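Notes follow once the structure below has been shown.
Nothing in this text is a laboratory measurement; each read-out follows from the coordinates by a stated rule. Note that the structure is a prediction, hence the values are computed from the model and not measured. Note that each Cβ is placed from the backbone with ideal geometry, even for glycine, and that neighbours are counted across all protein chains shown.
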Amino acid sequence: MSEKTNLLVLQAGGPTVVVNTSLYGVIDQGKRVTRFSEILGSQRGVMGLLHDDITELSAWSAHDVDRLRRTPGAALGSSRHRLTDDDYDLAFDTLDKHNVGALIIIGGNGAMCAAHELDRAAAERGVDLSVVAVPKTVDNDIAETDRCPGYASAARFVVQSVRDVGQDVRSLPLPVSIFETMGRNTGWLAGAAGAARYGKSTAPHALYLPEHPFSVDTFLGDIDRFVTSHGWTVVVVSEGVRDADGQPVYRTQIDAQKDDLGRALPGGVSSYLAAQVSNKLVLRCRYEQPGLCGRTSMAHVSPIDAADAEHVGRAAIDAVVHGERDVMVALLPVTGDGASPRSRLVALDDVVGVVRPAPRDWLTPAGNDVTDEFVQYVRTLIGQGMWEYE
């Protein structure tokens with residue numbers, strides 16, 4: 001580790017229900033290490049680096065630090081900002097001003113890229129800076145890790161919600177309900193809904209993931225078949241489903257609906273598909289788009305997810321202490337009930353620029369369902385105590 005004695009941590013990208021638990025792990029473990037004079041936090045992600053918006057976390061009370069484990073959102077604030085060449089001088093001025101020798105970045109794929117770029121820029125400038133990345137995303141699409149903190153809790157929300165919607169729809173019955181999950185590029189959350197089934201005809205009846213080309217005509221044929229068979233249906237669609245040409249099935253045309261990187265905000269495909277069902281099949285159809293509720297529900301925190309999130313925060317501190325840099329903490333597969341999380345360090349060079357899709361062999365040949373292997377993977381992560389109704 002650098003002779004500079006302060007540690008800086010930041011949170012980047014979309015929050016999860018356990019991202020503050022990783023921050024708790026960093027702060028609590030960091031306080032146990034005497035070589036850190038101060039533990040600092042960058043407000044609003046990398047924007048805090050660029051605008052010298054730094055807070056002293058080591059001054060937080062034990063109560064405030066502990067409360068992080070029960071608080072959704074990003075306690076330090078977050079942002080989506082892609083570093084430009086002009087940003088690096090500002091960032092390193094801030095790091096130097098605050099005597100920072102170690103930087104921990106908690107985030108998704110964009111944050112992994114920022115960590116790698118900052119490490120590279122430090123090396124080019126001859127700055128001794130240990131950069132360690134901590135994964136988090138409900139999309140579960142970061143490479144080289146068995147799972148991403150945030151995913152299991154979001155998957156638990158999806159599983160319970162789809163079960164509950166299924167009970168509601170079959171009661172009326174409302175013929176069709178389309179449940180939309182988050183997932184801009186991958187279908188890990190949509191696929192998780194396969195674990196909602198607990199009986200022969202329980203919801204969902206089909207799952208549509210970006211990993212398989214989506215056809216509106218095939219979708220409508222599925223809906224017609226399910227309604228004919230059951231009298232009702234609930235299907236799950238990832239917000240990021242794409243057609244055979246790789247184009248999004250639905251994308252907002254509203255300019256204001258873009259994120260800080262200029263990307264159209266995902267979401268809304270369920271509304272589009274519900275209109276297709278109503279117009280072409282002449283069936284009543286609702287759509288459910290939980291959106292942010294699915295990644296911020298404290299009521300659905302998975303115990304494994306919380307343990308994972310804390311573990312990767314603590315492991316990042318250990319990596320810094322051992323002089324590691326330009327690495328990410330990657331989780332290893334769960335070994336059994338109640339087992340403590342295990343991890344390894346992987347080079348960020350192997351992570352950056354790679355989006356980890358759901359395995360193609362975990363999807364059925366028709367592409368509208370998942371295999372037992374996918375379901376078992378999810379059930380291992382979401383934990384016990386889910387409501388069943390038969």
Original post:
For the stretch 141-149, what does the Karplus curve 6.51 cos²θ - 1.76 cosθ + 1.60, with θ = phi - 60°, yield as ³J(HN,Hα) per residue in whole Hz, taken in order and with x for Gly and Pro?
Top reply: 10, 7, 6, 6, 10, 5, 7, 10, x
Original post:
Which value in nm describes the separation of the simple spin-label points at Asp245 and Asp85, placed 7 Å from the Cα toward the beta carbon?
Top reply: 3.5
Subject >> Dipole magnitude (debye, nearest 20) for the stretch 55-129, charges at Cβ of Lys, Arg, Asp, Glu >> reply: 520
Subject >> Dipole-positive endmost among Leu103, Leu209, Gly313 within the chain (Cβ charges, Cα centre) >> reply: Leu209
Original post:
Can you work out ³J(HN,Hα) from phi for every residue in the stretch 328-334, in order, using Karplus 6.51 cos²θ - 1.76 cosθ + 1.60 and θ = phi - 60°, giving whole Hz and x for Gly and Pro?
Top reply: 10, 7, 10, 7, 8, x, 5
Original post:
List the lysines whose alpha-carbon lies under 27 Å from that of Lys200, not counting same-chain residues fewer than 8 positions away?
Top reply: none
Original post:
Of Leu7, Val33, Val65, which is farthest on the positive side of the dipole of the stretch 1-68, counting Cα position, with +1 on Lys and Arg Cβ, -1 on Asp and Glu Cβ, and the Cα centre as origin?
Top reply: Val33
Original post:
So who's got an amide H within less than 5 Å of the one on Thr16, skipping anything under 5 residues away but keeping other chains? H placed 1.01 Å off N, in plane.
Top reply: Gly73
Subject >> Unit charges on C-beta of K, R, D, E only; dipole of the stretch 70-189, Debye >> reply: 740
Subject >> Most positive-pole-ward Cα, Ala190, Ala133, Ile178, against dipole of the chain from beta carbon charges >> reply: Ile178
Original post:
Between Leu332 and Tyr389, 0.36 nm times their residue separation minus their Cα-Cα distance comes to what?
Top reply: 17.2 nm
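Suppose every Lys and Arg Cβ carries +1 and every Asp and Glu Cβ carries -1, with no other charges. What dipole size does the stretch 1-61 come out with about its Cα centre, to the nearest 20 debye? It would help to have the intermediate numbers written out before the result.
Values: 5 positive and 6 negative charges, 38 e Å.
I would put it at about 180 debye.
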Subject >> Within the stretch 276-295: backbone nitrogen closer than 19 Å to the Val216 label point (7 Å, Cα to C-beta) >> reply: 276-288
Subject >> Table column - 3J(HN,Hα) (Hz), the stretch 159-171, Karplus curve with 6.51, -1.76, 1.60, x for Gly and Pro >> reply: 4, 5, 5, 5, 4, 5, 4, x, 4, 5, 5, 6, 6
Original post:
Can you list the lysines whose alpha carbon is less than 21 Å from that of Lys4, not counting same-chain residues fewer than 8 positions off?
Top reply: Lys31, Lys97
Original post:
Taking the Cα centre of each part, how many Å lie between the stretch 326-390 and the stretch 192-250?
Top reply: 21
